[in-house]
Amino acid sequence: MPVSQYLANIKDTVQSAWEGMTVTFSYLFRRPMTVQYAGPEKAREKHELVQDTLPSRYRGFLEVDLAICTACNACERACPINVIAIEIEKDPANPKLRVMTRFDIDEGKCMFCGLCVEPCPTGSIQHTREFEGTQRTLSNMVLRFVDPAKPAPPYKVAKGATAFPRAVLGSITRPLVKAWDSPPPPLPIESAEEAMAHAAKKAH
Amino acid sequence: MQETLDRLIREVLHEDPQVWAGSWVVYAAALLAVGFGLTVFGALVAGLTSWWERRIAARMQSRIGPNRVGPQGTLQFLADALKLIVKEDLVPPESDQMLFRIAPYFVMTGFALTFVVLPFGYHLSATRMNVGLFYLIAVTALVVVGIMLSGWASNSKWALFGGMRAAAQVVSYEIPGGMLALVPILMAGSLDLHEIIRAQGGFPWDWFVFQTPWGFIAFFLFFATQLAEGNRTPFDLPEAESELVAGYMTEYSGIRFGYYFLAEWGNLWVMSAVISTLFLGGWQVPFVSAETLAGWEAAGTVPVAFYGVSTAVFVTKVVVLMNVIIWVRWTLPRIRVDQMMSVCWKYLVPIGMGLVLLAALTEVLSFQLFGDAAKGPAPLGTPRGALHLAFFAVAGAVPTVLFFRKIFRNIRLTGDRIDLTNW
Ligand code: SF4
Ligand code: SF4
């Protein structure tokens, strides 16, 4: 190695260290890009629920407003991992009508992708900002929107309607999630075979 | 330490421990207490540094860093330590069980032993050895034994590579490190850390780094060798994450993994303390000249405040240096293995040799020129003092001003502005 190269190497080292160090040091005086999310402490200070301090487009647990659900099955078909289970039967009181006897969303399985929200014609299925769902058993995390004793009739969309009267977001799911806290009777777990059979039946 | 203890017992209890039958019990208890205190101090420093380093790194990457546990995240290290202690301590079945288990303790011991001689302030250190620096260089070599052991015992290719790299690196860099340490030793004429500090003064131009150009260059090169010996970026090849997973620590988990990190971050303090002792005037307080101090000592009236102030000065220097090391880590990329070797053998060793020669020559010359006034801090009125001040202005003050100007230019050029909110 010629001497000039040797000296040039030393100069390069000193110069690049000098340049680099001034750049990194200057960042100590700048405002970081990161936006601090409102943590539980902040919410507690203001006596709010943490959920209410989250951004409005947060994708938390799903919520279905059965009052405007048309029972079109679009969300169930959209879900790539069969999280949503809808069952529709003939109304025993009036065989001409159909009723939903089951509308379950397994939040233990959901990946919060939002694919089910998009095809919904009425905006019935939506993400809420609820997220705290610690449970002793995974199967307890199923949100059951239909009480089997009280089947829900589908919503009839008025011709040309573009807006639908939806319940306040979170007002349905939050009580359901709250109800998880009390030790519930264990819900029947749908085995893998049952789930597949269910899906196969739907596919026909 | 024994004398200090004897004096304390004499002054407080008015008894002479030398005539006690079981005096060794007292000494042993005092030894244990000091050892425990220093190790706890090391652990605390390491923990707080781990948090502080993450905060600084985050700022440099335009992030915020851990700020949740405790005020501004200061208790983050307790949470981390708790997690590491509670985690399962896995020992791979294929490994050399015994060596695998004891390797972290070698690293910890090598780290903890340095506190035996490290000064903290005026007359404040566990012991005072007349070969203090030599002792330091010797015990830090224990760390590399631990690292090599863990690399070998893990029975994993990553770990073995890491261990071998560490061996090659640390052993190589001890040579220029020792050589460059000779420069301040020549200037002070002693290996005793406290003597080296006493040969400097309180003001920057009395420090060895600004006394001669040789000291100035040696400071930066010694800094680099210390980084390499402590396995810090840009010399963190033994644990290069992108190539070796975690190097010699790959197979470790739980608290044994924690020991390595404890030693690594605690080493930051050790490195900084050594550098500030050798080059940055240690605990010397400005406006307290060597004569004043000697006068106090002769009269036996060293003010208690002086102990506190000198410790504060020393700790400030060490903390600033630790920040510089962190700052280097988040600025410079890791170098390659061949580059690491060539930096050591082609640059640091020959330049270090040259510096030692020049420093020795300067000492001889200055002795010829100034006679007895050639050692120690020189008052500003004397020719030596004026020379030191001039060199400090050129090598210290001007670059500092340029540096801050460049920083503010950098901020302006990117269209940003100074903003210290959002912590
Ligand atoms: S959010 Fe995604 S995974 Fe969850 S139910 Fe909707 S479609 Fe399925
Ligand atoms: S929630 Fe929406 S998409 Fe799902 S069945 Fe009801 S109307 Fe259809």
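The values are calculated or read from the model by the stated rules, or taken from the named source; none is laboratory data. All values derive from a computational prediction rather than experimental measurement. FYI the Cβ positions are ideal-geometry reconstructions off the backbone, even for glycines, and counts take in every protein chain you see. These accessible areas exclude ligands, DNA and RNA; they are computed on the full protein's heavy atoms, side chains included. Shrake-Rupley method; radii C 1.70, N 1.55, O 1.52, S 1.80 Å.
Tabulated data
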{"read-out": "Normalised convex hull volume, region A:48-181, alpha-carbon set, Å³ per residue", "value": "119"}
{"read-out": "Rounded to whole Hz, the Karplus (6.51, -1.76, 1.60) HN-Hα couplings of region A:139-154, x for glycine and proline", "value": "5, 6, 8, 8, 8, 9, 8, 10, 7, x, 6, 10, x, 9, x, x"}
{"read-out": "Estimated FRET transfer efficiency when R0 is 30 angstrom, pair residue B:72-residue B:39 (beta carbons, to 0.05)", "value": "0.70"}
{"read-out": "Sequence of B:345, B:283 when ordered by accessible area, the most exposed leading, probe 1.4 angstrom", "value": "B:345, B:283"}
{"read-out": "For chain B, accessible area per residue (1.4 Å probe, heavy atoms of protein chains only), Å²", "value": "47"}
{"read-out": "Student exercise, region A:48-181 dipole from Lys, Arg, Asp, Glu Cβ charges, in Debye to nearest 20", "value": "420"}
{"read-out": "Average accessible surface area per residue within region A:48-181, 1.4 Å rolling probe, Å²", "value": "56"}
{"read-out": "Region B:224-237 - phi-based ³J(HN,Hα) in whole Hz, Karplus 6.51/-1.76/1.60, Gly and Pro as x", "value": "5, 5, 5, 4, 5, 6, x, 6, 9, 4, x, 10, 8, 4"}
{"read-out": "Where only alpha carbons of region B:142-253 are counted, the Rg and the Dmax (Å)", "value": "17.6, 52"}
{"read-out": "Other-chain or far-sequence residues with amide H under 5 Å of residue A:102's (modelled H)", "value": "A:87"}
{"read-out": "Rg(Cα)/(2.2 N^0.38 Å) for the protein assembly as shown, N = residue count", "value": "1.34"}
{"read-out": "Over the protein assembly as shown: helical MRE at 222 nm, DSSP H runs n ≥ 4 each giving -39500 (n - 2.57), nearest 500", "value": "-17500 deg cm²/dmol"}
{"read-out": "Partners for residue A:42 among aspartates and glutamates (Cα-Cα distance below 18 Å; same-chain residues under 8 apart left out)", "value": "A:52, A:130, A:132"}
{"read-out": "Region B:116-175 - convex hull of alpha carbons, volume per residue in Å³", "value": "90"}
{"read-out": "Which listed pairs, of A:109/A:201; A:96/A:178; B:87/B:157; B:87/B:317, have C-alpha distances above 27 Å, in listed order", "value": "A:96/A:178; B:87/B:317"}
{"read-out": "Protein heavy-atom accessible area occluded, A/B pair - total, 1.4 Å probe, Å²", "value": "2900"}
{"read-out": "Nearby lysines by direct alpha-carbon distance to residue A:11 (threshold 21 angstrom, same-chain neighbours under 8 apart not counted)", "value": "B:346, B:406"}
{"read-out": "Highest-first arrangement of A:3-9, B:405-411, where packing means the average Cβ count within 10 Å", "value": "B:405-411, A:3-9"}
{"read-out": "Percent of Cα-Cα distances greater than 29 Å, calculated over chain B", "value": "52"}
{"read-out": "For peptides B:215-228, B:268-281, A:127-140, B:348-361, sequence by mean Cβ density within 10 Å, most packed first", "value": "B:268-281, B:215-228, B:348-361, A:127-140"}
{"read-out": "Space enclosed by the convex hull of the alpha-carbon atoms of region B:1-67, per residue, Å³", "value": "103"}
{"read-out": "Cα gyration tensor category, rounded, prolate or oblate, for region B:290-423 with a/c compared to 1.5", "value": "oblate"}
